[in-house]
Amino acid sequence: MQRLMQLALDFLGGPDPLPPPTREVVAVTPPVLRPRLDPAAPPAEPLNQVFQPGTWHHPRANRLLVLGSCEVAYEFKRGKRRTIGLSVGPDGLSVSAPRWTPVGEVDALLHTKSAWVLEKLQRARERAGELAQARTVWANGAELDFLGQRVRLVLDPAHGFTQVGAVLETVSAEQPAALATLRLGLAHSASEAQIRDAAQAWLMRQAKRLFTERLDHFAPLLGVRYEKLRLSSAGTRWGSASADGTIRLNWRLIHLKLEMVDYVVVHELSHLRHMDHSPQFWNVVASILPDHQQRRQALKRSAVPLGE
């Protein structure tokens, strides 16, 4: 009866156990059994090509750690804080620690939180792929989202514009499957940068108008008063509120549905009541938007390239 050999691969990623120092082990090498090879079978791939651990490298990484079977190069910073903070963003993992915290304590925490870290890193990688697919190629016929609806760009140098540079033509009820058209007063030879600038200038004007309307609507309901609105182009934040009453909203919110715009508006106005994310703050948000958690999750899932 032909004997079978089993090759075991260890995926645990931990160090090999050390043999007891006082015990001598004599190994007996068994005879090598060479299986018959099928000449028609394809050659075996090297193991380093079959099993490749995941790697995540932050562009400003200054420390490297192996979590499970994954190599994680992360950004490590020290500052004036009381606890160790973990943050996973588009660039990867960032860790902030108090000045007195030993590095070993940081590594121990990362090992403890390895499942959470790896899940967030994987989600960030998937998110980057979604955003890459969502990026607009600025050309005649390109499509983009405006308040959750697809709009097609059309270059029309002969159009008699009543607005500066662009006009939106909506579709009729008899053509529900058709796309609205954003006509830009540009020549067909316009460059990608010219098309992008003209389209985004129009989007920013619409954002300023809509955000002002929504702020004016919700501020009295929340019992607050904002002083000014500023459009933001931040790469990681949808909005912010300052103690002086200034509200900053990312103009790219104009790509999203109105319910997500309203969530950000109410969120920032509520900070004029509580400049934190305490339970009292969320109670204020919920008093206007009882479904704020669902809106917040929808906002997180939205594929809008903030840095475009």
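The values are calculated or read from the model by the stated rules, or taken from the named source; none is laboratory data. Source: prediction; values computed, not measured. Cβ placement follows ideal geometry from the backbone for every residue including glycine, while neighbour counts extend to all protein chains displayed.
Taking the criterion of being in contact with a Pro (Cβ under 9 Å, 6 or more places away or on another chain) and not assigned by TED's automatic domain parsing to the domain that holds Pro90, would at least one residue in segment 241-249 satisfy it?
So in segment 241-249, the residues in contact with a Pro (Cβ under 9 Å, 6 or more places away or on another chain) come out as none.
For segment 241-249, residues in contact with a Pro (Cβ under 9 Å, 6 or more places away or on another chain) and not assigned by TED's automatic domain parsing to the domain that holds Pro90: absent.
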Could you tell me how many of the residues in segment 67-118 are under 24 Å from the mean Cα position of the chain (by Cα) and within 23 Å of Gly235 (Cβ to Cβ)? 19
Taking the conditions exactly as written (under 23 Å from Val88 (Cα atoms) and of a type in the set (A, V, I, L, M)), does Val224 satisfy them or not? no
Based on what the data block shows, is Asp107 modelled with pLDDT under 90, of a type in the set (Asp, Glu) and not assigned by TED's automatic domain parsing to the domain that holds Ala234? no
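Go through the residues of segment 156-179 one by one and say whether even a single one is modelled with pLDDT under 90 and within 28 Å of the chain's Cα centre (by Cα). I'd like the intermediate steps shown before the answer.
Step one: list which residues in segment 156-179 are modelled with pLDDT under 90, which gives 156-179.
Filter again for within 28 Å of the chain's Cα centre (by Cα), leaving 179.
There is at least one residue in segment 156-179 that is modelled with pLDDT under 90 and within 28 Å of the chain's Cα centre (by Cα).
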Going by the conditions given, is Gly223 closer than 25 Å to Ala124 by Cα, out of contact with any Ser or Thr (no Cβ under 9 Å at 6 or more places or on another chain) and either not assigned by TED's automatic domain parsing to the domain that holds Gly89 or not small (Gly, Ala, Ser) (or both)? no
